[in-house]
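Working notes, structure below.
The values are calculated or read from the model by the stated rules, or taken from the named source; none is laboratory data. All values reported here derive from a predicted model rather than from experimental measurement. FYI the Cβ positions are ideal-geometry reconstructions off the backbone, even for glycines, and counts take in every protein chain you see. We work out accessible area using only protein heavy atoms, side chains counted, and drop any ligands, DNA or RNA first. Shrake-Rupley method; radii C 1.70, N 1.55, O 1.52, S 1.80 Å.
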Amino acid sequence: MSRYLEWARRRPSTRLLVLTLILAGGVFLAGVPMLIAVAAEGMDQALGLPGFGSPAATIAGVLLVTGGGSLGLWSVLVQVRLGGGTPVPMAPTQRLVVVPPYTYCRNPMVLGTATAYFGVAVWLGSLSAITLVLVIATLLLVYAKALEEAELEARFGIEYLEYKRATPFLIPHFAKRPRRRR
């Protein structure tokens, strides 16, 4: 925890922000989906699992990848532009970000990433890929709950605690619209 707080005390340079985004983006946008595809193919063959690929699965997968990827990208852009940092602990945000998409849930990036990876698994039509995505999503959620929340609480104090109390962890809630009077 002390290392996270030490990193947070330093304002990341533009060079560090760009380098961090390129490296982390490469891992999360290309590396993990490739790992899921390669590992799932081997697991499916080794276990003799049937695929469920179809045009409908392809369409559903593409929609999930697009929607989840868009949410994840939006989350990162908001952290960079308004938070002055990145989602990566070595170049963290300098301000607590509490604007959309972070008003809907505290972890829209995890939600978007997990949704996109699930879309990859559906697109592949692979039961092993779905299992791998569940493991990856669980690890992301455990990290967010166990480490990230403690670090944010230590850095932002009461401001984060109030945000945490008012905003769901993962499943979004959307502001209720007032009813129109007739």
(message) Given the condition farther than 23 Å from Val142 by Cα and more than 15 Å from the chain's Cα centre (by Cα), answer yes or no: does some residue in region 65-79 qualify?
(response) no
(message) Quick check on region 89-100: of everything there that is touching a residue at least 40 places away in the same chain (Cβ under 8 Å) and surrounded by fewer than 21 Cβ atoms within 10 Å (Cβ to Cβ), which residue is farthest from the chain's Cα centre (by Cα)?
(response) Gln94
(message) Whether any residue in region 72-80 is surrounded by fewer than 17 Cβ atoms within 10 Å (Cβ to Cβ) and touching a residue at least 24 places away in the same chain (Cβ under 8 Å) is what I want to check.
(response) yes
(request) Output yes when any residue across region 123-130 is open to solvent by less than 40 Å² (accessible area, probe 1.4 Å), in a helix (DSSP H, G or I) and touching a residue at least 60 places away in the same chain (Cβ under 8 Å), and no when none is. (result) yes
(request) Filter region 141-160 down to the residues that are of a type in the set (A, V, I, L, M, F, W, C) and open to solvent by 70 Å² or more (accessible area, probe 1.4 Å), then identify the one that is modelled with the lowest pLDDT. (result) Leu147
(message) Among the numbered criteria (1) under 30 Å from Ile36 (Cα atoms); (2) of a type in the set (A, V, I, L, M, F, W, C); (3) open to solvent by 50 Å² or more (accessible area, probe 1.4 Å); (4) modelled with pLDDT under 95, which one does Val135 miss?
(response) (4)
